[in-house]
Amino acid sequence: MYVSMSRLRVARSESDALVTAFRHRAHLVDTFDGFIDLQVWRSDRDPEEVLMVSRWRDRAAFSAYMRSAAHRSSHGRINPSLQAALRLERLEHLHTYEVVAE
């Protein structure tokens, strides 16, 4: 399994709008080969900190999606004013792990 985590910083006034945008996303990634799931987390201590966590079968599947038309299209749907309020604070890619127990 491969996990990508984008740590976003968003203006407090736009935090709810960002969460709403994710709830109404196009879901283009959902059928992409190797995609497992996507969750959006907001800090309970700092509403300006939002994490986007996606899980993939492997790094190759994630990389293929990042280069895809579906990825470009989904990001192209972001409202320009919301896009202006976002700042990618950190992009973390957790190494590939094998799930050994559930």
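The values are calculated or read from the model by the stated rules, or taken from the named source; none is laboratory data. Since the structure is predicted, the reported quantities are computational estimates derived from the model, not experimental observations. With ideal geometry, Cβ positions are generated from the backbone for all residues, glycine too; neighbour counts draw on all protein chains shown. To get the accessible areas, we keep the full protein, side chains included, count just its heavy atoms, and leave off ligands, DNA and RNA. Shrake-Rupley method; radii C 1.70, N 1.55, O 1.52, S 1.80 Å.
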Subset tally (residues that are in a strand (DSSP E or B) and over 17 Å from Y2 (Cα atoms)) for region 26-59: 4
Tally, over region 71-102, of residues that are crowded, with 16+ Cβ neighbours inside 10 Å and modelled with pLDDT of 75 or more: 1
Qualifying positions in region 28-56 - surrounded by fewer than 17 Cβ atoms within 10 Å (Cβ to Cβ), touching a residue at least 40 places away in the same chain (Cβ under 8 Å) and aliphatic (A, V, I, L, M): L51, V53
Breaking point among (1) among the hydrophobic types (A, V, I, L, M, F, W, C); (2) within 18 Å of S15 (Cβ to Cβ); (3) modelled with pLDDT of 70 or more, for A64: (2)
Residues located in region 1-25, provided they are hydrophobic (A, V, I, L, M, F, W, C) and either open to solvent by 50 Å² or more (accessible area, probe 1.4 Å) or assigned to a loop (DSSP other than H, G, I, E, B) (or both): M1, A11
